[in-house]
Amino acid sequence: MIQLSRPQIEALVSVDEAATEAVRDAYRAISDGRANLPPVGYLGFPAAHGDCHIKFGHIAGDTVFAVKIASGFYDNPAKGLPSSTGVVLVFSALTGQMEALLADEGYLTDLRTGLGGAVASLALCRPNSQRFVIVGSGTQAYWLARSLRHLMPKAEIAIWGRNAARASALVARLQGATVAPDLEQACRSADVILTATPAAEPLIQADWIRPGCHITAIGADSPGKQELETALVARADLRVADNIAQSLDHGEFAHARAAGLIGPGDCMELGAVLAGTSVRRAPDDITIADLTGVATQDIAMARLVLSRAKAAQ
């Protein structure tokens with residue numbers, strides 16, 4: 001059995017084209033029927049401002065399947081601890097035997113989420129989009145910025161955070177990014193907005209969004225989280241989910257569904273978009289991608305890590 005630590009995994013995979021394509025295929029697998037995805041396991045720890053997700057599944061044709069346990073405790077940075085951690089267990093789909101233990105400490109989750117946000121944004125934004133605003137200043141904002149820079153080298157990236165010092169510190173780690181001092185002003189001028197916070201109440205208001213803007217929301221990945229005003233989700237001309245059932249159950253779209261404003265027929269899946277379906281109908285359309293995180297992403301990243309680890313032996 002292969003056992004890899006976080007430093008070993010970081011040396012094998014990062015923001016590159018193979019990892020990006022692995023994430024793209026992970027989304028396509030959901031829409032083309034190759035994915036077997038049981039419901040997500042969830043544990044909430046509201047007193048500690050934390051949660052834990054258990055995601056597992058299999059992609060038809062793969063020789064492995066994966067089980068991922070990942071947690072996010074969002075007050076940890078103030079305690080000198082990372083906000084996320086986790087582990088991925090990989091098993092043979094032929095014998096059921098455990099093949100690998102990837103002690104990634106949440107690294108693969110952070111990486112694949114950042115790549116997924118960038119992939120969705122590029123697929124849905126207007127071709128001439130230039131101004132990208134990332135809402136959030138934590139680990140996930142860093143990987144979103146890295147992934148955007150990989151896919152769109154000339155993008156103008158601005159970062160807003162509730163903690164201005166953290167936003168400035170993050171910008172200092174990134175090449176060519178700037179701090180957005182005012183969230184409303186940044187949103188009003190943005191071509192693309194990416195939200196990556198654990199907010200329990202909406203940060204982005206409907207009347208801040210101009211025609212033609214695309215929004216990728218990744219923070220609302222469990223019950224009780226919300227980054228976008230419900231009216232904004234209802235106003236959108238196109239709603240795209242990584243997994244429609246998950247988004248309507250506990251993602252950003254769940255609030256609009258609970259209010260009776262949208263239903264399954266008002267959304268489409270990102271995998272279908274990446275498979276070639278044309279979706280932006282007019283330059284002034286407002287589009288929203290709701291990414292709750294799917295096990296096929298974890299499977300794809302684990303598969304890539306294992307292939308590179310075996311090639312290096």
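The residues of the stretch 1-33 that are over 16 Å from Leu148 (Cα atoms) and not aliphatic (A, V, I, L, M), listed by number, are Gln3, Ser5, Arg6, Pro7, Gln8, Glu10, Asp25, Tyr27, Arg28, Ser31, Asp32, Gly33. Are any of the residues in the stretch 11-26 within 17 Å of Arg308 (Cα to Cα), touching a Gly at 6+ places or on another chain (Cβ under 6 Å) and surrounded by 20 or more Cβ atoms within 10 Å (Cβ to Cβ)? The answer is yes; a qualifying residue exists. Where helices (runs of 4 or more DSSP H) fall entirely within the stretch 191-281, those with at least 2 residues that are under 17 Å from the mean Cα position of the chain (by Cα) and on the phi < 0 side of the Ramachandran plot are at 244-250, 270-274.
Look at (1) in contact (Cβ under 8 Å) with a residue 24 or more places away in the chain; (2) under 30 Å from Asn76 (Cα atoms) and you find that Pro7 fails only one, number (1). Within the stretch 210-269, restricting attention to residues that are modelled with pLDDT of 95 or more and hydroxyl-bearing (Ser, Thr, Tyr), which residue is surrounded by the most Cβ atoms within 10 Å (Cβ to Cβ)? So the residue we want is Thr216.
Condition check ((1) more than 24 Å from Ala22 (Cβ to Cβ); (2) of a type outside the set (Val, Ile, Thr); (3) within 13 Å of the chain's Cα centre (by Cα); (4) part of a helix (DSSP H, G or I)) across all residues:
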site	(1), (2), (3), (4)
Arg112	no, yes, yes, yes
Gly116	no, yes, yes, yes
Val119	no, no, yes, yes
Asn128	yes, yes, no, no
Gln140	no, yes, yes, yes
Leu144	no, yes, yes, yes
Ala169	yes, yes, no, yes
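Residues of the stretch 4-56 that are modelled with pLDDT of 95 or more, of a type outside the set (A, V, I, L, M, F, W, C), farther than 18 Å from Ala70 by Cβ and not in a loop (DSSP other than H, G, I, E, B): Pro7, Gln8, Glu17, Thr20, Glu21, Arg24, Asp25, Tyr27, Arg28, Asn36. Only residues that are in contact with a helix residue (DSSP H, G or I) (Cβ under 7 Å, 6 or more places away or on another chain), among the hydroxyl-bearing types (Ser, Thr, Tyr) and assigned to a helix (DSSP H, G or I) were counted in the stretch 282-313, giving 1.
The values are calculated or read from the model by the stated rules, or taken from the named source; none is laboratory data. A quick note: this is a predicted structure, and the numbers were derived from the prediction, not measured. We place every Cβ from the backbone using ideal geometry, glycine too, and count neighbours over all the protein chains shown.
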